[in-house]
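Student: Below you'll find the structure I mean.
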Amino acid sequence: MEPLHAPWRIDYILGPKPVRADASLFRQMAESLDDEGNLIIFRDRTCYAVMNKYPYTGGHLMVVPYKQTADLNDLTEEELGDLMKLVRRCQNALITLMKPQGFNIGMNLGACAGAGVIDHLHIHIVPRWNGDTNFMPVLAGTTVVPEALLDIAAKLRAELAK
């Protein structure tokens, strides 16, 4: 058996986990000026798009409202509309660049639903290809991402800037 190496994960595993008082991870990212370091690929009026740092598959990104809320009911109609328009724009950018054959698009609201960031809702956009599911997630708890995260982010940033 050959080992798989995923050295980018060790920083997360061993790194300090900061305690966040009032601001969620997504709010801290939104307020930062380091878009490249935070993998933010596009900013809109009420929301932004960011690459998932620990993706399920290449191109996995999220659309996040600037407003920190765990509940869709706390967003205005304008914020909801902007959120969905940016989801569509990101989906189209992924289609242009990565040519997926399908998508998983959705939200996990609440801890029991699998939310990793409970206090700040976000929409996952996961491009999918026929045959991209294999034994790795089942047997090894591992995913195989064929393109470097920073490379995908740069390409998406350029596409969304058009």
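Student: Which entries in Lys99/Lys155; Lys53/Lys155; Lys53/Lys162; Lys67/Lys99 show an alpha-carbon gap greater than 22 Å? Don't jump to the answer; show the numbers that get you there.
Tutor: On the way: Lys99/Lys155 13 Å; Lys53/Lys155 16 Å; Lys53/Lys162 24 Å; Lys67/Lys99 32 Å.
Beyond 22 Å: Lys53/Lys162; Lys67/Lys99.
Student: Sequence-distant or interchain residues sharing an amide H contact under 5 Å with Cys47, placed H: which?
Tutor: Tyr66
Student: If you don't mind, there's one more thing I want to ask. Students often forget the sequence filter, so: which aspartates and glutamates lie under 13 Å Cα-Cα from Lys85 once same-chain residues fewer than 8 apart are removed?
Tutor: Partners found: Asp44, Glu77.
Student: Between Ser32 and Asn130, what FRET efficiency comes out of the Förster formula 1/(1 + (r/R0)^6) with R0 = 41 Å and r the beta carbon distance, rounded to 0.05?
Tutor: On the way: r = 37 Å, r/R0 = 0.91.
Rounded to the nearest 0.05, the efficiency is 0.65.
Student: Turning to a different aspect of this structure: Over 5 Å intervals from 0, what percent of Cα-Cα pairs in segment 23-160 sits in each interval?
Tutor: 2, 10, 20, 23, 21, 14, 8, 2, 0
Student: Given a cut-off of under 8 Å on Cα pairs at least six residues apart, what relative contact order in percent is computed for segment 40-86?
Tutor: Values: 59 pairs, mean separation 17.4, N = 47.
Normalised by residue count, the contact order of segment 40-86 is 37 percent.
Student: Would you mind calculating the relative contact order of segment 23-160 from Cα pairs under 8 angstrom and at least 6 residues apart, reporting the percent as a whole number? Intermediate values should be presented prior to the final figure.
Tutor: Details: 212 pairs, mean separation 41.0, N = 138.
Here the relative contact order equals 30 percent.
Where a number appears in this text, it was derived from the coordinates with a stated rule and is not lab data. Keep in mind that what you see is a predicted model, and the values were worked out from it rather than measured. Glycine gets a Cβ as well: all are built from the backbone with ideal geometry, and neighbour counts include every protein chain shown.
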